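Peer 1: Sharing a structure here in structure tokens format.
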Amino acid sequence: MTELYKASELMNIVMMLRLQVACLCFTVAVATTFFLVKREANFVNTLFRYLIIAHILSLIFDMATIYTGNNLEHVYPWLNRATHIAFMGCILSFVYASFVYVRYLAKNDEDKRRIFIFSIPVILATLSVLFVPFEFTRTPYGNHLDGTALVFVYGTISVYLGLMLVTILRHWKDVDSEKRRVMLVALLTQIAISLVQLFIPIILISSLATTIVVLAIYLTIENPDRFLRQLYLKEKQAAEEATLSKSKFLATMSHEIRTPMNAIIGISEIELERDDHSTDTLNAFDRINNSGKSLLGIINDILDLSKIETGKLELVPVKYDTPSLINDTVLLNSMRIGSKQLEFIVKVAEDLPLFLFGDELRIKQILNNMLSNAIKYTERGSVTLGVDFQSNENGVTLIFTIRDTGQGMTAEQLDTIYEEYSMFNKEANRTTEGTGLGMSITKSLVEMMDGRIEAQSQLGKGSVFTVYLQQQLAEGGVIGKDVAEKLENFKFGSSKQRAEIVREYMPYGRVLVVDDVDANLFVAKGLMRPYALAVDTAESGYEALELIRGGAVYDIVFMDHMMPGMDGIETTRLLRAEGYTRPVVALTANAVSGVKKLFEENGFDGFVSKPIDVRKLDSVLNTFVRDKQSAEVLEEARRQKESAGALGASGGSGASGVLAEESTADEPLTLLKRIKSLDVESALDAMSGFEDIYIDTVKLTMRLLPERVKKMDTFITIDIEAFTVEVHGLKSVLRNIGAGALGNIASQLENAGIDKNTEYLNEHYPPFRDELIALNELLIQAIQPKRAEPTKAADKSELVTALNEAKTLAEAYDRDGALEVLTPCTECSYDSETDEAVQKIINALEAFDCEEAVRIMVNYV
């Protein structure tokens with residue numbers, strides 16, 4: 001009978017424990033999967049580990065209390081008390097950890113001091129339970145704890161549950177929607193079960209509440225799938241940020257590369273307009289111009305590589321003439337042969353259509369990539385370009401065949417030739433330049449044109465590549481035998497460009513060119529000189545805003561796209577927001593696909609890519625300046641042009657199209673040429689021979705250097721970024737006046753500043769500084785005007801008359817006219833204050849700052 005009673009009692013205990021056993025099984029399964037997955041070592045994961053451990057311990061001690069509490073006669077009192085204290089401690093720890101977990105998700109708070117402060121109720125409750133007597137209530141369904149100890153426990157749990165509810169509601173909008181729903185549901189479930197447990201103590205479901213909390217958090221917030229999704233999103237974000245950084249880098253790289261291209265193409269355009277060059281010289285400039293434009297095309301394609309990779313590159317089909325496409329490609333690649341013993345053979349079909357419709361720039365890129373590879377990997381023998389076509393129902397298929405007698409490739413090498421950064425036979429070709437991107441880009445472009453590439457190669461004997469491109473036929477007949485022979489014999493001329501542009505005389509027009517690079521300003525002014533326009537310049541968006549807000553009226557504002565501080569887009573937005581309605585045309589060195597839409601959306605009336613395309617510039621000037629004038633104004637301009645005659649208003653006559661200089665301008669130039677650190681001729685070439693602009697640049701540099709040196713002296717010790725900005729600006733200033741060696745040192749210092757290489761800066765800046773000071777002294781000696789013997793009793797009334805006349809001219813932004821009026825006054829001496837004011841006015845005018853000159857004149861007069 002006794003054995004039967006014991007078995008019945010054991011069965012009752014097992015029945016009471018089945019909920020706890022089930023909860024423990026679930027929790028152990030969760031813990032196993034949670035701890036087996038590698039997770040980031042952060043605060044929230046550490047908290048959840050603590051929650052799981054506290055919950056498992058509470059379940060174990062809960063089962064122990066069920067046994068000891070229902071066997072009071074058979075269990076030692078101290079063991080029963082110890083199991084209950086351990087259980088209550090685990091429950092309190094679990095609730096406290098839940099509160100810290102919720103607080104961290106809501107406020108991202110992991111301050112250890114505050115965490116300790118919030119743990120004080122748990123510590124006090126646990127200590128209180130240690131010293132109060134335990135009371136047990138007996139029922140037919142089992143025994144349960146009662147009395148003061150239970151009040152301490154429930155009171156502490158209520159405090160933490162209340163704090164959790166307040167935290168969730170207070171920071172409801174700050175928490176991710178998924179997380180806050182889970183936290184609220186879990187909390188409300190725990191509150192509900194705790195209330196049921198409070199009013200029906202024998203039910204013993206407190207463990208169910210903690211289990212539900214753990215499962216809810218695990219299956220949502222801490223779920224492995226969610227963790228992997230977060231990791232994926234994090235990596236995706238990192239990849240997107242990397243792509244954005246790459247795009248920004250390419251945009252900046254585009255700007256930096258196009259700046260020197262602006263001078264190359266711009267100056268060659270200017271020289272092509274002159275009539276005093278020999279035929280050979282004109283052909284040489286024509287080749288430079290064509291090569292520069294082809295190089296610009298290559299640059300454009302390389303900068304579009306990121307768009308090719310993302311499928312965002314767009315084709316821009318235009319009508320083009322096939323002889324020019326072939327000629328430009330042949331001329332560029334013939335120069336790549338250099339001293340190699342190579343024969344460049346061109347074969348062109350006589351019945352090739354004269355005009356086609358397609359993306360001419362992309363076709364040139366394809367041919368340039370393939371021909372450059374053929375020449376690069378062929379030391380002797382021949383490279384042949386064949387051009388043919390086939391008619392089809394959709395237009396024509398252009399067929400380019402590039403054949404070489406070079407190294408050739410194996411079948412394995414041929415299979416990988418279109419992979420990015422692929423270069424075969426690296427050991428033999430270790431001195432061969434190239435990135436390995438050419439054929440990858442080529443294949444992508446060909447496929448975009450619904451074309452294909454076929455390749456055959458034999459190691460040691462050469463390769464044959466055939467490109468098929470679908471193009472639309474345009475009216476215009478065929479090239480004919482004569483043109484085909486000229487192309488094959490490299491005698492196809494391209495003088496049509498010079499004949500196409502007839503620059504209108506526009507003395508009535510006034511434009512503003514905004515660019516942070518001096519070389520771009522000078523080239524823009526040089527290209528617009530034949531139009532007789534009044535050209536003002538500004539070196540920043542801020543300066544442009546001040547000019548326009550000050551009342552200056554322009555037919556066109558040419559606005560550089562990328563500038564430090566305030567870029568062209570931001571400046572134009574501000575102008576439009578202030579009600580400015582006159583034309584604003586973007587100057588952009590980042591003329592990639594999609595840029596037209598970008599400018600249109602930001603208030604621009606058009607754009608001109610840099611290097612400046614003279615045809616596009618001419619079209620813009622005609623549209624926004626000439627075509628808005630009355631017939632009377634245009635007729636008057638034509639009469640002025642005829643009367644100008646020998647002044648070279650059209651840019652076609654005279655040595656470099658510059659107005660004759662006084663002898664005073666020749667003397668400084670002669671002295672500047674004697675400075676060994678200056679390459680004056682090179683600087684003049686970059687400025688299309690405009691000696692007046694060069695002299696002005698030197699004068700500006702002479703006054704700029706001391707101020708820049710002073711700033712760099714300060715910044716190098718306290719602000720490396722500001723130092724880098726200063727030396728960056730100084731780099732282009734030095735190169736503009738022909739101080740190329742110093743400009744290169746400035747570039748090296750700039751790179752060191754970007755890299756925060758203070759050791760390099762501290763070592764190389766002092767000698768650079770000394771050379772700048774020495775150069776500035778030489779510039780002062782060459783430029784400082786030699787005053788005539790001053791008149792002892794100079795008549796100030798004549799000075800006032802000159803100042804009034806100069807003021808009127810400066811107010812009309814006629815800076816050259818104001819200088820012409822005031823320069824003779826510098827040869828006279830009045831008094832120290834007056835002499836200083838006159839010199840300040842001259843300095844302001846030479847710096848193109850008409851407003852400052854007017855301000856000084858107003859105060860003086």
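The values are calculated or read from the model by the stated rules, or taken from the named source; none is laboratory data. All figures in this text were calculated on a predicted structure; none of them were measured in a lab. Note that we place each Cβ from the backbone using ideal geometry, even for glycine, and neighbour counts take in every protein chain shown. In case anyone asks, the SASA skips ligands and DNA or RNA and just uses the protein heavy atoms, side chains included. Shrake-Rupley method; radii C 1.70, N 1.55, O 1.52, S 1.80 Å.
Peer 1: Checking residue 262 against (1) at pLDDT below 65; (2) crowded, with 17+ Cβ neighbours inside 10 Å, only one condition comes out false. Which one?
Peer 2: (1)
Peer 1: What helices (runs of 4 or more DSSP H) completely inside the range 673-752 contain at least 3 residues that are open to solvent by 10 Å² or more (accessible area, probe 1.4 Å), farther than 17 Å from residue 774 by Cα and at pLDDT 75 or above? Steps first, answer last, please.
Peer 2: Details: elements: 680-686, 691-718, 720-736.
Because the criterion is at least 3 residues that are open to solvent by 10 Å² or more (accessible area, probe 1.4 Å), farther than 17 Å from residue 774 by Cα and at pLDDT 75 or above, the helices (runs of 4 or more DSSP H) in the range 673-752 that meet it are 691-718, 720-736.
Peer 1: Quick check, is residue 100 at pLDDT below 85 and within 15 Å of residue 213 (Cβ to Cβ)?
Peer 2: In short, yes.
Peer 1: Can you tell me how many residues in the range 797-821 are assigned to a helix (DSSP H, G or I) and touching a helix residue (DSSP H, G or I) at 6+ places or on another chain (Cβ under 7 Å)?
Peer 2: Of the residues in the range 797-821, the ones assigned to a helix (DSSP H, G or I) are 797-811, 815-821.
Subset that is touching a helix residue (DSSP H, G or I) at 6+ places or on another chain (Cβ under 7 Å): 799, 802-803, 805-807, 809-811, 815, 817-819, 821.
Final tally of qualifying residues: 14.
Peer 1: Across the range 522-539, what is the number of residues that are among the hydrophobic types (A, V, I, L, M, F, W, C) and open to solvent by less than 10 Å² (accessible area, probe 1.4 Å)?
Peer 2: In the first step, residues of the range 522-539 are kept if they are among the hydrophobic types (A, V, I, L, M, F, W, C); the result is 522-524, 527-528, 532-535, 538.
Okay, now just the ones that are also open to solvent by less than 10 Å² (accessible area, probe 1.4 Å), so 523-524, 527-528, 538.
Count: 5.
Peer 1: Something else now. Which one of 129, 102 is part of a helix (DSSP H, G or I), farther than 30 Å from residue 45 by Cα and open to solvent by less than 20 Å² (accessible area, probe 1.4 Å)?
Peer 2: Of the residues listed, the single one that is part of a helix (DSSP H, G or I), farther than 30 Å from residue 45 by Cα and open to solvent by less than 20 Å² (accessible area, probe 1.4 Å) is 129.
Peer 1: For the range 393-499, which fully contained strands (runs of 3 or more DSSP E) count at least 2 residues that are of a type in the set (Phe, Trp, Tyr) and either modelled with pLDDT of 85 or more or open to solvent by 20 Å² or more (accessible area, probe 1.4 Å) (or both)? Before you say what the answer is, go through the steps one by one.
Peer 2: Values: elements: 395-404, 452-458, 462-473.
In the range 393-499, 462-473 are the strands (runs of 3 or more DSSP E) which contain 2 or more residues that are of a type in the set (Phe, Trp, Tyr) and either modelled with pLDDT of 85 or more or open to solvent by 20 Å² or more (accessible area, probe 1.4 Å) (or both).
Peer 1: So how many residues does the range 558-576 have that are outside any loop (DSSP other than H, G, I, E, B) and open to solvent by 60 Å² or more (accessible area, probe 1.4 Å)? Explain how you work it out, then say what you get.
Peer 2: Filtering the range 558-576 down to residues outside any loop (DSSP other than H, G, I, E, B) leaves 558-560, 568-576.
Within this subset, residues satisfying the condition of being open to solvent by 60 Å² or more (accessible area, probe 1.4 Å) are 570, 573-574, 576.
Residues in the range 558-576 being outside any loop (DSSP other than H, G, I, E, B) and open to solvent by 60 Å² or more (accessible area, probe 1.4 Å): 4 in total.
Peer 1: Going through the range 115-126 one residue at a time, which ones are out of contact with any helix residue (DSSP H, G or I) (no Cβ under 8 Å at 6 or more places or on another chain) and open to solvent by less than 90 Å² (accessible area, probe 1.4 Å)?
Peer 2: 117, 120, 123
Peer 1: Can you tell me which condition residue 542 does not meet? The list is (1) crowded, with 21+ Cβ neighbours inside 10 Å; (2) within 26 Å of the chain's Cα centre (by Cα), and all the others hold.
Peer 2: (1)
Peer 1: Here is a list of conditions, (1) among the polar types (S, T, N, Q); (2) assigned to a helix (DSSP H, G or I); (3) within 18 Å of residue 489 (Cα to Cα), and residue 365 meets all of them except one; can you say which number that is?
Peer 2: (3)
Peer 1: Still on this structure, please answer the following. Can you report the number of residues in the range 65-85 which are touching a Gly at 6+ places or on another chain (Cβ under 6 Å) and over 13 Å from residue 145 (Cα atoms)?
Peer 2: Of the residues in that region, 0 qualify.
Peer 1: Among the residues of the range 70-83, is any hydroxyl-bearing (Ser, Thr, Tyr), at pLDDT 80 or above and in a helix (DSSP H, G or I)? Please lay out each step first, then the result.
Peer 2: First, pick out the residues of the range 70-83 that are hydroxyl-bearing (Ser, Thr, Tyr): 76, 83.
So of that shortlist, the ones also at pLDDT 80 or above come out as 76, 83.
Still in the list and also in a helix (DSSP H, G or I): 83.
Checked against the condition, which is being hydroxyl-bearing (Ser, Thr, Tyr), at pLDDT 80 or above and in a helix (DSSP H, G or I), the range 70-83 yields at least one hit.
Peer 1: List pairs: first in the range 269-282 and on the phi < 0 side of the Ramachandran plot, second at pLDDT 75 or above, Cβ under 6 Å, 6+ apart or cross-chain?
Peer 2: As it stands, the answer is 271/285; 272/285, since those pairs meet every condition given.
Peer 1: Among the residues in the range 548-557, are any surrounded by fewer than 24 Cβ atoms within 10 Å (Cβ to Cβ), touching a His at 6+ places or on another chain (Cβ under 8 Å) and not charged (D, E, K, R)?
Peer 2: no
Peer 1: Go through the range 355-383 and give me each residue that's in contact with a helix residue (DSSP H, G or I) (Cβ under 9 Å, 6 or more places away or on another chain), more than 19 Å from residue 440 (Cβ to Cβ) and open to solvent by 20 Å² or more (accessible area, probe 1.4 Å).
Peer 2: Selection gives 355, 360.
Peer 1: May I ask you to list the residues in the range 781-807 that are modelled with pLDDT of 80 or more, open to solvent by 40 Å² or more (accessible area, probe 1.4 Å) and within 44 Å of the chain's Cα centre (by Cα)?
Peer 2: If the condition is that a residue be modelled with pLDDT of 80 or more, open to solvent by 40 Å² or more (accessible area, probe 1.4 Å) and within 44 Å of the chain's Cα centre (by Cα), then 781, 807 are the ones that fit.
Peer 1: Mind checking which pairs have a first residue in the range 746-760 that is at negative phi and a second that is of a type in the set (Ser, Thr, Tyr) and crowded, with 16+ Cβ neighbours inside 10 Å, Cβ under 7 Å, 6 or more apart or different chains?
Peer 2: Correct list of pairs: 749/765; 750/724; 753/724; 754/724.
Peer 1: Within the group 778, 772, which residue is assigned to a helix (DSSP H, G or I), within 17 Å of residue 678 (Cα to Cα) and open to solvent by 50 Å² or more (accessible area, probe 1.4 Å)? Please lay out each step first, then the result.
Peer 2: Working: 772 fails: open to solvent by 50 Å² or more (accessible area, probe 1.4 Å).
On inspection, the qualifying residue turns out to be 778.
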